[in-house]
Amino acid sequence: MTTVKICMGSACYARGAGLIAQALEERCAECTIDLIGQHCDQLCDHGPVVIINGKRLEYATTDQSMALLDQAS
């Protein structure tokens, strides 16, 4: 199972974390992932922060998050 953690603190959310979470959830409708929204990784200046199987992505975009998910699968 792939574990995906996305910071949903106000700074990360304002920078698109919610959109990234939605895109990953839609992409993985048929996959097995554990999608966890969390507060806060204390990396507010580096957000959005996405962690997939322990590998942290700072300043994450949807495309980068999808690529990291593909690598983890």
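The values are calculated or read from the model by the stated rules, or taken from the named source; none is laboratory data. Predicted model, so just to flag it, every value in this text is computed and none were measured. Positions of Cβ are generated from backbone atoms using ideal geometry, with glycine treated the same way; all protein chains shown enter the neighbour counts.
A few points about this structure:
- When the stretch 8-31 is limited to residues that are farther than 13 Å from Ser65 by Cα and in contact with a Pro (Cβ under 8 Å, 6 or more places away or on another chain), the one that is surrounded by the most Cβ atoms within 10 Å (Cβ to Cβ) turns out to be Cys12.
- Within the stretch 63-73, being within 13 Å of Cys28 (Cβ to Cβ) and either at pLDDT 95 or above or of a type in the set (S, T, N, Q) (or both) holds for Ser65, Ser73.
- Only listed residue being acidic (Asp, Glu) and surrounded by 15 or more Cβ atoms within 10 Å (Cβ to Cβ), chosen from Asp34, Asp45, Asp41, Asp70: Asp41
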